[in-house]
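Asker: This structure is in structure tokens; I'll ask about it shortly.
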């Protein structure tokens, strides 16, 4: 039995609210149950140094948590003077995941920066961030298309993400904090809308896991991501 | 005529939402029109080094802006590796203002840290932060009183803040961004519920201002803060 | 009775020594009693990034204290690796105050950087810094005018500063350390030579202060700044 | 055809040289073809703050590359003042992987720090680091057992790692730089000696990958890690 | 002919002013011609971590330059966030030189920190710093002896320093900036009052120098340091 | 008697291995007994800012130690976020020493960066670094000459370095760690192949040293450097 009473293959209630703040080209509040992340997409007409003059754009992400998004307050990274290894790992993952569905040449020499700021954490902040960021990115791209800054849509797919794990011996989908802190194995899966893998990151927390456990988790992930991709399309007013 | 159509002595719509996030001892979303700040109060059973063994507590504040809280994206301070001078100035102001109504000895050897994170900025983020933080602080103190960690209430007053300025020659209350970026003078005033000054910070942006202008601005501030203090009491379910 | 035996409206002995060091375009040792600050003005033929190509100049300030300028040694900021919030607050204040009397367009595309380094501290280091910096700035401008680098004088006024406060219930002018550390209210006032406000920063240290206290302090400040502006003119060899 | 002429399931020549430097409790030079990493294990009789008084030990890792380990010189992280996100990601991975086979309670209140320093890079530096680090760790543990500092062996298994990927449409084992920079998919797998997963990290570089591709890569990884675990036992003078 | 008109073996005018600032246990303004350095000695009743519980004290030094001590303004190290390699080299040299004449055990578990802050630079700032610091240190020790905090004098000698070099083919003593920037060889020598070497640091700026040049420079240094040691004794009111 | 059994004027076994790693333009493993340093030379077609447009090149050096190159592990500088004063001092010394034999104008607008990374330390890491770096630099220059990037050889001499000291009253050559940690005086000498001084740095660790001790040490240094220069020529396949 899961602490939340959910079935093993059941997502938490998912909500994707567009236009959450008013300045950004894309602004989304994504909620996976009690995990709440603001994802904004900012368009800037310049590219990082390593891309200058290459005729292509860039999509990158930054991630942060409000100090009291968690059970106990954690030090503010700006005050401490550096981003933790965990933060950097997550923001690199978000950026890679989004770039997997972007044609950077079609984007032109501009950068879209995604900011994922967790205002309340209850497990799965990186998977919620990826899922919400895609919607913010799509909104920013729409604005660029609407004002004719882009000739063609640089997005060639959708990307969403969910966590899976082994909790008390049972493979489960979309772990909340109560499960996550106790899980034997924790895996974050990023897939496109066709169910192909963009990223797989699995870690044995307790015992090492076997191939059949891996396969069971990946099957759950595929099912969850199919639902999340549908939620993204609903939020964006799209139908298959 | 003000860009927002408000009367010179009119506040923006003020909203104070308690229990905005679930983990903090106090959590408030404060809105001064389109300026939105999450203020959380976190209680920790330790004091900073300079207070160890002195039998008193501490109240301190940290301030941040989400990178895209503003019209154009500003660099994330955690990524840049330091807090700007502006950020430090603001968080020092918030901390001092709150301590003005706290009996630190009555708080005991614990620290209450206020985090003010601006999720949308439209002028007056520091005054909104102070006004909302007081409510978050009051909630945290109530929790400490409820679980008998405190014998007496360490709060001996209310504190709230508003900006005033000279906009196109006219003294106005609670400047939004459109006014603020054009104002000749900008002043932030912090007062207690009795209308006495806790902090006054006025800066001539254009021409230096005269004593009668200062007095007109301070009168507006007093009126605005009286209203804000009433909003705080409403939010906290208190009546005069 | 003040610890120094001064009357409530009496400044400490003020000394302004020009050409204190030999390399800078302006170099002033300013003394407010035992508070001693070296203020230098350095002219550089470039502007910060945000002003490039805008046809105007910039005036900015940096502030520091020698580690043993104070009663007990404080850590060297260069060794610690960052400037404190207090330092940044002060240097921002000095820069804003000076810019209030400079026509930046008339300055042309150059930067004047004011360095205020406190070699001995006894209260009021920021007000002494502003007062001395104006003289260093005036000297640097004279050199630019003398070598025809400027067509017209970009200075359109004088700026000076003093602290006022409530000490043992009495409003007093120009607090020294003994008073400052015990004052109920501490206020720094920056004015131009016409007695108009450039900056007002007041903080209740003990109880919140009332309007009549504020007015008494501002009257003292105006009187003190009038005297300081006269000292500046004397130092510069000017007469009204 | 692979650039190196290897069969798809063929490891590069693997060499594990123990006692490579003289001061460390464990010191290994591990070579995966032209990738060469010095792995040292250092024992210290203290634990990090978060473990104090908990009666258990800690195993952690740090990773670095000599600036000219690569084709073009990269900036020295010590000179730049921070470790890159990539570096932090790798050293966190190495630490987690090693801890998966250590009984931290049996280790007692001490820390073993693994330093992985790449002196020549040709792809797969993180997998070589993990594989070599296990041998360095085993040597350090042997020294602790030999001098009776430990009652029982805290190692309850072996851990090794290899990369797999899809190169020109074919799943291949142990990618070198020429393959890695061109691969469509890149996956790092960490397993114990029984072939169970400790960590799986796969990234689609080009197109998203399908379940059957994932399975083909994991099968190659298992075979490679079986060989690497055998190399580790040989190096340590162990036989099954 | 030297730019200053001095004879090759002639020091610049040397001035050592004690009690230059009022808070420090020792405070000296040392002048080697136009090079002016404030040296303060601060006594603190604690030792750095590596000396805790060892029953001995420590003497250390920090060095800084006011940004406009030099011909052109250099960036403030506190603002830049780190001390340059040159600064660290100099402060390490000053500390080592002073410790050469201190019996650290006799000092007891306390630290004397010397701060050398250059307010005007004209060559030889490190040698002036060492020479002035010794006097500041002696004053701090006298205060400790006077208040019976020390039983015996921990100073067992004097230390002073001067630069020598080859300028236009001629060995010269105590180079000023005009000479230093053009010298073929630059050497800083630290000696005790008996003319024995505490530190020798020589660098060929142009051509490598020969043994006879080295000997000529060292003979000049010995003569100069003999004079400087006499100046120190005069300043301290001592006679041989 | 020296701990190693060497005669007072005897170097440790010296080995210079070229082409130690494969990517760098020059790559040398230099061994002074148990002290082992990897020295690489990297050529980049750009110069630092202060040399832009001056038609000359630059040679600079960076130095690091693997954390466990020493008896006990020292903190990784990249993790700590800064290079120590000692590291900076050493890398500045290496750079200056090499530049003493390079015609920077003949090098053209390019930079050669020398990286010295100590993989095992047993005293004399800076002198081994200088000696090995010269060979790496010579190899990089040869490659530039071979591909006609340079018209003439910018190297106009050889540079090598050794330590000397007073150990138990006896002047000795090339101190190892056992001697160094106990020596009364420690001196690093850098000379060219003609026996002229490039750099001399001597420090009294115990008592101050006298002129005749200095001369005895310098004579030993000259003899040792003559041998080292011969070793460099052998390694480079040169004969006098």
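For (1) within 14 Å of residue C:133 (Cα to Cα); (2) within 14 Å of chain B (Cβ to nearest Cβ); (3) at pLDDT 95 or above, each residue gets a yes or a no:
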residue: C:55; (1), (2), (3): no, no, no
residue: C:65; (1), (2), (3): no, no, yes
residue: C:68; (1), (2), (3): no, no, yes
residue: C:91; (1), (2), (3): yes, yes, yes
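Asker: OK, next. Please work out if residue F:69 is under 20 Å from residue D:80 (Cα atoms) and touching a strand residue (DSSP E or B) at 6+ places or on another chain (Cβ under 8 Å). Steps first, please.
Answerer: On the way: under 20 Å from residue D:80 (Cα atoms): no; touching a strand residue (DSSP E or B) at 6+ places or on another chain (Cβ under 8 Å): yes.
So residue F:69 does not fit the description; no.
Asker: Follow-up question, since we're still on this one. When you check residue D:165 against the structure, is it buried (at least 20 other Cβ atoms within 10 Å of the Cβ) and farther than 21 Å from residue F:67 by Cβ, yes or no?
Answerer: Working: buried (at least 20 other Cβ atoms within 10 Å of the Cβ): yes; farther than 21 Å from residue F:67 by Cβ: yes.
The answer is yes for residue D:165.
Okay, residues lined up against (1) more than 14 Å from chain C (Cβ to nearest Cβ); (2) at pLDDT 95 or above; (3) under 22 Å from residue B:98 (Cα atoms):
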residue: B:184; (1), (2), (3): no, no, no
residue: B:190; (1), (2), (3): no, yes, yes
residue: B:198; (1), (2), (3): no, yes, yes
residue: B:207; (1), (2), (3): no, no, no
residue: B:213; (1), (2), (3): no, yes, no
residue: B:224; (1), (2), (3): yes, yes, yes
residue: B:227; (1), (2), (3): yes, yes, yes
residue: B:233; (1), (2), (3): yes, yes, yes
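Asker: Would you mind finding the one in B:81, B:124 that is within 24 Å of residue A:76 (Cβ to Cβ) and at pLDDT below 95? Let's see the steps before the verdict.
Answerer: Values: B:124 fails: at pLDDT below 95.
Residue meeting the stated conditions: B:81.
Asker: Please state which one of A:93, A:98 is touching a helix residue (DSSP H, G or I) at 6+ places or on another chain (Cβ under 7 Å) and under 16 Å from residue A:232 (Cβ atoms).
Answerer: So the residue among A:93, A:98 that is touching a helix residue (DSSP H, G or I) at 6+ places or on another chain (Cβ under 7 Å) and under 16 Å from residue A:232 (Cβ atoms) is A:98.
Asker: With (1) within 13 Å of the chain's Cα centre (by Cα); (2) more than 22 Å from residue A:162 (Cβ to Cβ) as the list, and residue A:22 as the residue in question, which single condition is left unmet?
Answerer: Single failed check for residue A:22: (1).
Asker: Return only the number of the condition from (1) surrounded by fewer than 22 Cβ atoms within 10 Å (Cβ to Cβ); (2) under 24 Å from residue C:190 (Cβ atoms); (3) at the interface with another protein chain (Cβ under 10 Å from one of its Cβ atoms) that residue C:82 does not satisfy.
Answerer: Among (1) surrounded by fewer than 22 Cβ atoms within 10 Å (Cβ to Cβ); (2) under 24 Å from residue C:190 (Cβ atoms); (3) at the interface with another protein chain (Cβ under 10 Å from one of its Cβ atoms), residue C:82 violates only (2).
Asker: Answer yes or no as to whether residue F:86 is more than 30 Å from residue A:83 (Cβ to Cβ) and assigned to a helix (DSSP H, G or I).
Answerer: Values: more than 30 Å from residue A:83 (Cβ to Cβ): no; assigned to a helix (DSSP H, G or I): yes.
Considered against the rule, which asks whether it is more than 30 Å from residue A:83 (Cβ to Cβ) and assigned to a helix (DSSP H, G or I), residue F:86 comes out as no.
Asker: Taking residue A:47, is it over 22 Å from the mean Cα position of the chain (by Cα), surrounded by 17 or more Cβ atoms within 10 Å (Cβ to Cβ) and under 29 Å from residue B:80 (Cβ atoms)? Steps first, answer last, please.
Answerer: Values: over 22 Å from the mean Cα position of the chain (by Cα): yes; surrounded by 17 or more Cβ atoms within 10 Å (Cβ to Cβ): yes; under 29 Å from residue B:80 (Cβ atoms): yes.
Yes.
Asker: Testing residue F:17 on (1) touching a helix residue (DSSP H, G or I) at 6+ places or on another chain (Cβ under 6 Å); (2) assigned to a strand (DSSP E or B); (3) more than 12 Å from every other protein chain (Cβ to nearest Cβ), one condition comes back false. Which one is that?
Answerer: Just one mismatch for residue F:17, condition (1).
Asker: Oh, and also: Among the residues of segment F:49-82, write down those that are touching a residue at least 12 places away in the same chain (Cβ under 8 Å), under 18 Å from residue D:68 (Cα atoms) and not in a strand (DSSP E or B).
Answerer: F:66, F:77
Asker: Has segment B:109-124 got at least one residue that is within 14 Å of the chain's Cα centre (by Cα), within 14 Å of chain C (Cβ to nearest Cβ), crowded, with 19+ Cβ neighbours inside 10 Å and closer than 15 Å to residue B:38 by Cβ?
Answerer: No, that holds for no residue.
Asker: Just name the residue that is farthest from residue B:31 (Cα to Cα) out of those in segment A:20-35 that are buried (at least 24 other Cβ atoms within 10 Å of the Cβ) and facing another protein chain (nearest Cβ under 10 Å).
Answerer: Looking at the filtered set, the residue picked out is A:26.
Asker: Would you mind stating whether residue C:11 is touching a helix residue (DSSP H, G or I) at 6+ places or on another chain (Cβ under 6 Å) and more than 14 Å from chain E (Cβ to nearest Cβ)? Even if it seems obvious, please write down each step before you answer.
Answerer: On the way: touching a helix residue (DSSP H, G or I) at 6+ places or on another chain (Cβ under 6 Å): yes; more than 14 Å from chain E (Cβ to nearest Cβ): yes.
Criteria met by residue C:11.
Asker: Identify the single condition in (1) farther than 28 Å from residue D:224 by Cα; (2) under 14 Å from the mean Cα position of the chain (by Cα) that residue D:90 does not satisfy, given that it satisfies every other one.
Answerer: Among (1) farther than 28 Å from residue D:224 by Cα; (2) under 14 Å from the mean Cα position of the chain (by Cα), residue D:90 violates only (1).
Asker: Determine whether residue A:214 is surrounded by fewer than 18 Cβ atoms within 10 Å (Cβ to Cβ) and farther than 14 Å from residue A:10 by Cα. Outline the logic, then answer.
Answerer: Working: surrounded by fewer than 18 Cβ atoms within 10 Å (Cβ to Cβ): no; farther than 14 Å from residue A:10 by Cα: yes.
No; evaluated as a whole, the condition is false for this residue.
The values are calculated or read from the model by the stated rules, or taken from the named source; none is laboratory data. Just so it is clear, the structure is predicted and the values come from calculations on it, not from any experiment. Here Cβ is always computed from backbone atoms with ideal geometry, including for glycine, and neighbour counts include all displayed protein chains.
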